[in-house]
Every structure is written in structure tokens, then in C-alpha cells.
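Enquirer: Mind looking over this structure? Questions follow.
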Amino acid sequence: LIDFLVDSYDLGGTSGLLALTSLFILITKYNLDYPSFYPKLYKMLTPDLFHTPYVSRFIAMLDTFLKSSLLPAYLVAAFAKRVARHALQAPPHVIIIVLRLITNLMKLHPSVKRLVHRGPDHPAVHADPFQPDAEDPAESAALESSLWELEVLTEHCCPAVPAVARTLRKPMDEILVELGLTRGHDVLFKEYMKMWKKDPPLEFNEPLTFDQSEYADVFTF
């Protein structure tokens, strides 16, 4: 069974996704020694993933896999940085899920909050040391970087995205937030329409007649 799950995980894509939960259960409950679990999970985070039908499920798994307080700060920072980078090109409903994932990571791993609170004079703000092409989280230099991507998302065209992105600037409590996996494009669109729905301006007094002679010079045939 272990060989089958590992081989499926190595394939990536849907097969790798289906093997994730089973492998994680074997690691956490049955002491399976599989050191490459998180590096391979990190490698699966590609821009194309954020446009697949199963991206919500994958982010929900990330939320579960990264909850342990025993995980090193560099590892959590690498995942937070990589999902934030790919969120810049993701659909709005996926961006919101990613932002809530990052919120939970900040609450569970306070040492990673430094990525959000870098001052304007910090070197990482002017020259990002993050290595986006690194396949190993330990080589990504994410902990020396900053989450400047969150500042970019505060200017997103979809109103729901900046509203969630700005919450990361505020003091956080210890209560984890729901990812909102069921909020798709249709839900965001309906919320947006309710926000901007206004009655069109109408003339108060309806004209009783239309005097064509007043417009004879304008409408000539």
C-alpha cells in the first residue's frame, strides 16, 4: 500500500492529490518515515494548479498539513510565500481561499508574521531574496523575504479580495478562519451585484406630449 501511494504521489496531478491524505495519515498516525513529503508537496504548487477544479480541495489539505507547531518556520514561510506568489494570477475566489490559508498560517506560526510586517526600509522590500524556482523549501529563502504580494492584492479589481487582504494588516486573534471553499465565481458575482445594485435615475414628471417642431433642425431626413 505504501509503495502504491508513494508512486501515485510522485505522479502528481489528480493521482498525487488523491494519495496526499492517505500518506499524511500514515505519517502522523502510523509513524511512516517519508522525509520528502513536504518537499514534494511544495513542488506540486505550480501556477497551473490554481486554475484546476480541485484547487480548493488542495488548499484545504495544505491547511491541514501545515497545522503542526513542530514544523520549522522556514517551511511554513516557503509555503505561504509560494501560494501568495501564485495567487497574483489566480481567479478571485481562489485568491480569497489562499488569503485565508495565509491568515491561519500566521495564527498557528507567529514567527512567520515577520513576512507581513517588514518595514519599508527592509532589504527584502526592495530586492526580494525569494527563489521562486527552488524545488526545496529550504532553498527558497522565503523566511528572509516579505509577503509584498498581499499589498498588491489590496488593489485587486474584485472588491472581496482587498477586503480579505487588508485583514492581514490588523492584529490577529487565535481563532482560525474558515477557508470558504464553497464560494465560487457565482457567489462572488451575486455579492458584487447586491453591493452595486441601484435604481436607475428616472424623470420625475413624464412628458405629456412631444413637440416635433422643437427638434425640426436636428432631425431632418
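Enquirer: What does the extension gain come out to for ARG169 and SER69, with contour length at 0.36 nm per residue minus their alpha carbon separation?
Expert: Result for the pair: 33.7 nm of gain on full extension.
Enquirer: Using a Förster distance of 35 angstrom, determine the FRET efficiency expected from the C-beta separation of GLU135 and GLU155, and round it to 0.05.
Expert: Values: r = 31 Å, r/R0 = 0.88.
The computed FRET efficiency comes out at 0.70.
Enquirer: Using R₀ = 30 Å, calculate the FRET efficiency as 1/(1 + (r/R₀)^6) where r is the Cβ-Cβ separation of ASP33 and ALA60; round to 0.05.
Expert: Values: r = 25 Å, r/R0 = 0.85.
The calculated FRET efficiency here is 0.75.
Enquirer: Give, in nm to one decimal, the length gained when the segment between LEU1 and THR46 is fully stretched (0.36 nm per residue of separation minus the Cα-Cα distance).
Expert: Numbers: separation 45, 0.36 × 45 = 16.20 nm, distance 2.73 nm.
Result for the pair: 13.5 nm of gain on full extension.
Here, each number is a calculation from the coordinates, and none is a lab measurement. It should be emphasised that the depicted structure is a prediction, and the values quoted were computed from it without experimental measurement. In this analysis, Cβ positions are derived from the backbone assuming ideal geometry, glycine residues included, and neighbour counts consider all displayed protein chains.
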